[in-house]
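Structure first, commentary second.
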Amino acid sequence: MKILDCPEQETGVIYEGITRYNNSCVPLTQEKRWIPIRKKIVDDAGNIIAGCLAEMYCWHIAWVDVLWVDEPYRKQGLGSQLLKAVEDEARQVGCELIHLDTFDFQAKDFYLRHGYEVFGILEDCPKGHQRYNLKKKL
């Protein structure tokens, strides 16, 4: 046996292996493993000024990967609108739980104001900072 670098085109074998194992422990509760929930806000010229990328996975659980608002548009409620739109769509497709992570220099307090709760903190990630894991029941 040898440990080798794994090229991108072979990573599917590893993902499929863990997926088979996970499904043997907790069967899928949704037809597709990953269902995208993606929202954007555009200005009058059609430029993207904010967006939220999330996915519902395996067991009707949603994960927010990114929520971003361009700096000139911050503090105008756009992030709240996007988060609500993602949460609403997640509920419509049967989600009961949503989770995400954020850094101390990003938006922890924003998520706390929206009903999320911290369930884990990773210290020194990056050095001198904290990464927070948050969740919310929908």
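The values are calculated or read from the model by the stated rules, or taken from the named source; none is laboratory data. Fair warning: this is a prediction, and the values are worked out from it, not measured in the lab. Please note: Cβ atoms are built from the backbone with ideal geometry, for glycine as well, and neighbour counts cover all protein chains shown.
Among the numbered criteria (1) without any contact (Cβ under 8 Å) to a residue 24 or more places away in the chain; (2) outside any strand (DSSP E or B); (3) hydrophobic (A, V, I, L, M, F, W, C), which single criterion is violated by F110?
Unmet for F110, out of (1) without any contact (Cβ under 8 Å) to a residue 24 or more places away in the chain; (2) outside any strand (DSSP E or B); (3) hydrophobic (A, V, I, L, M, F, W, C): (1).
Restricting to region 95-107, give me the number of residues that are assigned to a loop (DSSP other than H, G, I, E, B), of a type outside the set (S, T, N, Q) and surrounded by 14 or more Cβ atoms within 10 Å (Cβ to Cβ).
Final tally of qualifying residues: 3.
Restricting to region 78-106, name every residue that is touching a residue at least 40 places away in the same chain (Cβ under 8 Å), among the small types (G, A, S) and touching a Leu at 6+ places or on another chain (Cβ under 7 Å).
A90, the sole residue that qualifies.
Restricting to region 20-58, and then to whatever is acidic (D, E) and modelled with pLDDT of 95 or more, can you tell me which residue is nearest to E89 (Cα to Cα)? Can you show your working first?
Quick first cut of region 20-58, residues acidic (D, E) only: 31, 43-44, 55.
When the remaining residues are screened for being modelled with pLDDT of 95 or more, the result is 43-44, 55.
Details: D43: 22, D44: 25, E55: 11 Å.
The residue in question is E55.
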